[in-house]
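First up is the structure itself, then whatever we jot down about it.
The values are calculated or read from the model by the stated rules, or taken from the named source; none is laboratory data. Note that this is a predicted model, so its numbers are computed, not measured. Here Cβ is always computed from backbone atoms with ideal geometry, including for glycine, and neighbour counts include all displayed protein chains.
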Amino acid sequence: MNWKQILRLSGTMQSIIGLFMLIPTIMAASFGEWVAFRAFIVSLVIIIVYVAIIMTIGRSWKSRGLNVRDVYLFVTLTWVIASALGAIPLHLSDTTANYSSAFMEVMSGFTTTGLTTLANIEASPRSILFWRSLTHWLGGMGIVVLFVALLPLVGVEGFQLFGAEAVGPTKSKLTPKIKNTALILWLIYVGLTLIETVLLLLGGLSLYDALTVTFGSVATGGFSTKNASIGHFSSAYVDVVVTIFMVMAGVNFSLYFALIRKKFTLVWRDTELKAYLSIYFLATLVTTITLFTSGTYTSIRQSLRYGAFHTASIMTTTGYGTADYGLWPSLTHAILLLLMFIGGCAGSTGGGIKVTRLLTMFKLGRQNIRSLLHPKGIFTIQSESERIPWKTVNAIAGFIAIYLALVLASTLVVASAGYDLLSSFVAGLISVGNIGLGLEAVGPAGMGFGPMPSYVKWFLSFMMLAGRLEIYTVFSLFTRSFWKR
């Protein structure tokens with residue numbers, strides 16, 4: 001292991017996190033939230049001491065390039081340490097009941113999961129809630145991807161860092177230099193953030209509310225500063241804007257780059273995009289019709305408003321809410337549960353299994369049926385006009401198998417705390433899938449994650465991390481071959 005480089009990069013990464021923490025620190029002082037202000041100051045001092053020690057230790061060791069194992073260890077440690085340090089303000093300000101809850105809250109933020117342990121969100125300091133939402137925004141495109149964009153990391157090391165954190169089975173470069181690719185993705189991300197913020201300001205929201213809602217939308221995170229989430233604003237305009245940007249955030253960001261370069265044919269022919277939008281619109285149509293015909297809402301307009309919002313929120317793994325869909329008909333629950341498995345597109349800020357993986361597995365099943373009918377035939381699996389390598393197909397199959405195993409393991413752990421089977425299953429599913437809002441006890445009107453025992457919170461925090469880093473990056477650290485010389 002190249003511990004010197006790992007420590008040096010880790011110190012630099014946490015320095016960037018500390019710089020972003022200055023924003024809510026200044027806000028705490030301007031709002032007169034002195035308990036939160038002191039909590040932020042202590043946290044910043046701890047970060048400075050940590051960085052100083054790490055950089056000092058790292059400087060004394062021999063330097064060499066990073067290999068794959070170094071990259072996976074660095075990326076995983078970055079997210080764990082960022083969450084551990086980022087949780088300190090919540091704990092010191094007594095926003096959370098204990099450090100376990102604070103760590104889970106911030107891990108939920110960085111991984112854009114959006115599940116919360118807070119019972120009364122609006123009772124918390126506004127600066128703390130802003131920091132909580134800001135972790136969403138940082139984690140949405142990826143804190144390591146930001147690191148690659150800001151620092152001169154090029155070549156294999158930069159691409160491996162990018163690939164270890166980027167979501168989806170393929171990690172394509174938009175430009176020859178991975179640094180430029182990371183920078184382009186972040187510029188697109190910032191652009192969407194600015195556009196949604198302006199639109200929400202035009203809808204009557206304050207700058208504070210517009211920013212925090214935007215952070216959760218473009219990052220598909222779901223943290224809200226209101227107990228009633230987006231429903232607090234009681235605005236059809238806000239619902240529509242947030243719905244549009246949630247759906248946009250679930251699209252592969254490389255397609256936006258293609259649009260900027262006027263490569264419209266590339267976007268139009270994208271199979272994953274067509275499947276993603278088809279699933280979303282079909283789910284919205286069925287949900288809307290069910291809500292209207294069941295008498296849940298008295299008009300098609302209302303049914304469409306709430307149906308479109310929640311199908312987007314769940315499919316993109318955002319987790320925002322405008323209504324208690326726990327009171328909706330059972331068919332809508334089944335649709336939402338199905339959407340929790342699907343998720344957004346590869347290369348988006350959304351979580352879940354991803355549409356492209358499910359499409360590949362469908363093609364694999366179809367190919368196996370054809371092989372049975374034509375034993376001597378030679379078949380391949382293609383995406384658009386390109387053949388998908390069997391190595392990628394096997395990796396996708398393995399990913400889905402481990403993904404489902406983690407959901408089942410999480411179900412057992414949550415059930416051990418006394419929760420019913422459906423709540424336990426959904427809690428595991430929304431943790432691994434980084435969704436944040438589910439059904440029953442972990443639904444809009446449920447008890448949430450606050451009352452859960454500490455061991456459940458630590459376990460689900462690990463599941464959120466594994467889900468955000470696409471499982472392989474994290475679990476490779478627990479194999480014997482990883483630590484062999």
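Observations
- Hits in the stretch 443-485 - residues which are in a helix (DSSP H, G or I), of a type outside the set (Val, Ile, Thr) and more than 19 Å from the chain's Cα centre (by Cα): Ser454, Tyr455, Ser476, Leu477, Phe478, Arg480, Ser481, Phe482, Trp483
- Of the residues making up the stretch 343-370, those that are assigned to a loop (DSSP other than H, G, I, E, B) and either farther than 15 Å from Asn434 by Cβ or not polar (S, T, N, Q) (or both) number 10.
- Residue list for the stretch 404-421, restricted to those being at pLDDT 95 or above and of a type in the set (Ser, Thr, Tyr): Ser410, Thr411, Ser416
Yes/no per residue for (1) without any contact (Cβ under 8 Å) to a residue 24 or more places away in the chain; (2) more than 13 Å from the chain's Cα centre (by Cα); (3) surrounded by fewer than 24 Cβ atoms within 10 Å (Cβ to Cβ); (4) more than 27 Å from Ala182 (Cα to Cα):
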| site | (1), (2), (3), (4) |
| --- | --- |
| Gln302 | yes, yes, yes, yes |
| Gly326 | no, yes, yes, yes |
| Thr349 | no, no, no, no |
| Val355 | no, yes, no, no |
| Gln367 | yes, yes, yes, yes |
| Leu372 | yes, yes, yes, yes |
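- Some residue of the stretch 247-264 being at pLDDT 95 or above, touching a helix residue (DSSP H, G or I) at 6+ places or on another chain (Cβ under 7 Å) and buried (at least 22 other Cβ atoms within 10 Å of the Cβ): yes
- Search result, residues across the stretch 238-282 that are more than 30 Å from Gln302 (Cα to Cα), of a type in the set (Phe, Trp, Tyr) and within 18 Å of the chain's Cα centre (by Cα): Phe253
- Residue among Leu460, Leu469, Leu429, Leu439 that alone is at pLDDT 85 or above and touching a His at 6+ places or on another chain (Cβ under 9 Å): Leu439
- Helices (runs of 4 or more DSSP H) completely within the stretch 57-110 that count 2 or more residues being modelled with pLDDT under 90 and over 20 Å from Thr349 (Cα atoms): 68-86
- Residue identified as of a type in the set (A, V, I, L, M), under 21 Å from Gly114 (Cβ atoms) and modelled with pLDDT under 95 among Ala228, Ala210: Ala228
- Residue check, Val49 assigned to a helix (DSSP H, G or I), surrounded by fewer than 20 Cβ atoms within 10 Å (Cβ to Cβ) and not charged (D, E, K, R): yes
- Restricting Val442, Val393 to residues that are surrounded by 14 or more Cβ atoms within 10 Å (Cβ to Cβ), touching a residue at least 40 places away in the same chain (Cβ under 8 Å) and either more than 17 Å from Phe462 (Cα to Cα) or in contact with a strand residue (DSSP E or B) (Cβ under 8 Å, 6 or more places away or on another chain) (or both) narrows the list to Val442.
- Candidates Phe162, Phe223, filtered to the one that is modelled with pLDDT of 85 or more, hydrophobic (A, V, I, L, M, F, W, C), within 20 Å of Thr112 (Cβ to Cβ) and touching a Lys or Arg at 6+ places or on another chain (Cβ under 9 Å): Phe223
- Candidate set from the stretch 417-439 (those that are part of a loop (DSSP other than H, G, I, E, B) and free of Cβ contacts under 8 Å to residues at least 40 places away in the same chain); member that is farthest from the chain's Cα centre (by Cα): Gly418
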